[in-house]
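Heads up: the structure comes next, in structure tokens.
The values are calculated or read from the model by the stated rules, or taken from the named source; none is laboratory data. What you see is a predicted model, and the numbers here were worked out from it, not measured in a lab. Cβ: placed from backbone, ideal geometry, glycine included. Neighbour counts: every protein chain shown. Heads up: the accessible areas ignore ligands, DNA and RNA and are worked out on the full protein's heavy atoms, side chains in. Shrake-Rupley method; radii C 1.70, N 1.55, O 1.52, S 1.80 Å.
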Amino acid sequence: MGGKSKLALLLTTVVALLSGCFGEKPVLDELGKDGKGKIKVVYYNEESFYSQYGNYFNVKYPDIEFEVVNLQEMNRELQDKENVDYEAERLKFLDKHKPDVLMVDLPMMEKLVQEGELYNLDAVIAQEKFDVEGFMPGLIDMIRERGGGSLYGLAPIFYTNVIYYNAELFREHHIELPRNKMSWQEVLELSGRFAGIGSGEDQLYGYYQRFGASEQMVFDMANASSLRLFDAKGEKLVFHTDGWKQAVKLATESIRNKAVYTRSMDEGDSPQEFSSDDDLFFKGRAAMIMDGPWFLSQLKNRAMWDKDSKKIDWGMVTVPVDPASPDESWYVRLNQVYAIAADSPNKRAAWEFVKFVNGPEMAKAASRSIDGHLPTRNQFMKEIDGKSTEAFYSLRPKGQNESMWGGPNADVPQQFYSEFRTILRQELKAVIDNKKTVDEAVAAVQAEGEAALQKGREADKAREAAERN
């Protein structure tokens, strides 16, 4: 080998050794030698921020200071205003305060990504080998989807629903227990096995629609099956479809046959009038109920303050799914996605916070208490009171996860939401009372809904014109 070749080989070896010793250049500058830093963080309020995250973080990084941008301040400013566009107001609020770390939901994250307002986390995640494999199935994919294929945020907690059931009622009446990944049709067929058991104050129901009236049950079915109220452009109402007809048919038959209990909420009724019956599940009169993680605390503690409640041998299974996509759930919600502002001068300190909040230490701490949300890292919460948590974690988040009301581009006046609920509730009652057929009711909802939509849009235009003048 010639001298030049030996020299080249030697230099290559030295460079390789140096690279190994010193590593590649950090994507983000390191914290100063003293570890000090200051970051501005968006959260609900300062007290809850320190209780949830700040105090834990400062144990590890005592010299990083926080300035908490209080979301409640924004909400107070808006509470007396009518027809508020909360998304637009949130964007104004964020632009005013210029935080380093933003706490946003997925739709807001997506909008900020499109406007170039967020820092892409992919490079620093790769360099620091931050574990993104330990999150629940589908979570990272869902966040990437909203970020155009890149990660612009991470979510430490999520919300979802499950179906809780009273195992003793099923055994007593020789009915098979619920199972994971049932469709709504299967849930209601199972509920129907309880129809006709008991009467009056002793009437048993298979399924208890605890919140909302009959229309909420139809909405739950619609969201599970990815039904949409509007066309692709978000302009026209499309209720007169086979999917909506099937949902109306299933709901009204189940309520009429007393397989399902739901409040009637006739016009003029007050929700408070329903409160005396708001514990059918705990009275042992309902076999199944759908609710979120916070319901676990009621199962554990209700007997301490409700002398009429019964101790329940309970279990839980997944929410009803769409047979076309049985491994996905519409109910998974990410309301706390932590992202870093693209123009933040404190990206390293901000990343240390985002990394810590989404790391295994915080997930382990979160698994020790149930506050209505669940840690997205599921390795620390396998059981609750001896019951498997599989029902919470086994379904992947559903795609774009838009509700039946459509996405952010749907032209839906604010007043339409409540008016449509009333229209649908009245038509469902007519079907339940055998005064209309399903086809007649669906046609009426389509016609009256279109009229309410047009009326709301005209009112919005008139208001906007008045504001301009």
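Here's how it looks for Met182: its modeled amide H is under 5 Å from those of Val321, which are all 5 or more places away or on a different chain. Since only Phe282, His174, Met304 are under comparison, the one whose Cα sits farthest along the positive direction of the charge dipole of the range 162-330, derived from C-beta charges on Lys, Arg, Asp and Glu, is His174.
What is the dipole size for the range 351-392, taken about its Cα centre, with +1 at each Lys and Arg Cβ and -1 at each Asp and Glu Cβ, in debye to the nearest 20? Intermediate results must be reported in sequence, preceding the final value.
Numbers: 6 positive and 6 negative charges, 17 e Å.
Using Cβ point charges on Lys, Arg, Asp and Glu, the range 351-392 gives about 80 debye.
Dipole size of the range 162-330 about its Cα centre, with +1 on Lys/Arg Cβ and -1 on Asp/Glu Cβ: approximately 300 debye, rounded to the nearest 20.
Using the rule -39500 (n - 2.57) for each DSSP H run of four or more residues, divided by the residues of the chain, the 222 nm mean residue ellipticity is -12500 deg cm²/dmol. Could you state the angle between the C-alpha long axis of helix 242-256 and the longest principal axis of the C-alpha atoms of the chain, as a value from 0 to 90 degrees rounded to the nearest 10? On a 0 to 90 degree scale, this one is about 60. Of Ser329, Ser388, the residue with the largest accessible area leads and the full order is Ser388, Ser329 (1.4 Å probe). Loop-resident GluC sites (Glu not before Pro) (DSSP state other than H, G, I, E or B) in the range 71-152 with no more than 10 further Cβ atoms inside 10 Å of their Cβ: Glu82, Glu115, Glu133. Karplus-based coupling profile of the range 388-398, in residue order and whole Hz: 5, 8, 3, 4, 6, 10, 7, 9, 6, x, 7, with θ = phi - 60° in 6.51 cos²θ - 1.76 cosθ + 1.60 and x standing for Gly or Pro. Volume of the convex hull of the range 172-246 (Cα atoms only), normalised per residue: 126 Å³. Each of [x] 22.8, 79; [y] 26.5, 101; [z] 29.7, 128 is a candidate for Rg and Dmax of the Cα atoms in Å; the one calculated from this structure is [y].
Along the range 157-168 the Karplus relation, 6.51 cos²θ - 1.76 cosθ + 1.60 evaluated at θ = phi - 60°, assigns HN-Hα couplings of 9, 9, 10, 7, 10, 9, 9, 8, 9, 8, 4, 5 Hz to successive residues, with x for each Gly and Pro. Given a 1.4 angstrom probe, I'd like the percentage of the accessible area of the chain that is carbon and sulfur, rounded to a whole number. Its accessible area is 49 percent carbon and sulfur atoms.
The accessible-area ordering, largest first, of the residues Lys398, Lys429 stands as Lys429, Lys398, per a 1.4 angstrom probe. Near Ser344, no amide H atom lies under 5 Å from its own; only residues 5 or more places off or on other chains count, and H is placed 1.01 Å from N. Annotated for the range 327-421: lysine pairs at least 8 residues apart or interchain, Cα distance under 26 Å, count 10.
Scaled to the globular estimate 2.2 N^0.38 Å, the Cα spread of the range 162-330, given as radius of gyration, is 1.07. The phi torsions of the range 104-119, fed into the Karplus equation with coefficients 6.51, -1.76 and 1.60 and a -60° offset, translate into couplings of 9, 8, 4, x, 5, 4, 4, 5, 5, 4, 4, 8, x, 8, 10, 8 Hz, rounded to whole numbers, with Gly and Pro shown as x. Scattering from the range 318-409 was approximated by placing one identical point on each alpha carbon and applying the Debye formula without solvent; log10 I(q)/I(0) at 0.11, 0.15, 0.16, 0.22 1/Å stands at -0.46, -0.79, -0.87, -1.16.
Placing unit charges on each Cβ (+1 for Lys and Arg, -1 for Asp and Glu) gives the range 362-469 a dipole about its Cα centre, and among Phe420, Thr376, Ala443 the Cα reaching farthest toward its positive end belongs to Thr376.
What's the extension gain from Gln185 to Ala462 if we count 0.36 nm per residue and subtract their Cα-Cα distance?
Numbers: separation 277, 0.36 × 277 = 99.72 nm, distance 4.39 nm.
This chain segment gains 95.3 nm when fully extended.
On the principal axes of its alpha carbon atoms, the range 383-469 extends 61, 44, 23 Å, with the longest extent given first.
Report the percentage of all Cα-Cα pairs in the range 49-167 whose separation exceeds 18 Å, rounded to a whole percent. Show your work: numbers first, answer last.
Details: 4603 of 7021 pairs.
It works out to 66 percent of all Cα pairs.
Model label points for Ser150 and Asp63, set 7 angstrom from Cα along the Cα-to-Cβ axis, are 3.2 nm apart. Rolling a 1.4 angstrom probe over the protein heavy atoms with all chains in place gives the chain an accessible area of 50 Å² per residue. Projected label points at Asn257 and Asp327, each 7 Å from Cα along the beta carbon direction, are separated by 3.2 nanometres.
Out of all Cα-Cα pairs in the range 71-133, roughly what percent, to the nearest whole number, are more than 19 Å apart? Spell out each step's value before the answer.
Values: 867 of 1953 pairs.
Summing the P(r) tail past 19 Å for the range 71-133 gives 44 percent.
So for the range 101-246, considering every pair of alpha-carbon atoms, how many percent are separated by more than 22 Å? Mind showing how you got there, number by number?
Values: 6530 of 10585 pairs.
I get 62 percent for the Cα pairs in the range 101-246 exceeding 22 Å.
Between amide H atoms placed 1.01 Å from N, distances below 5 Å from Ile197 occur with Leu204, all of them 5 or more places distant or on a separate chain.
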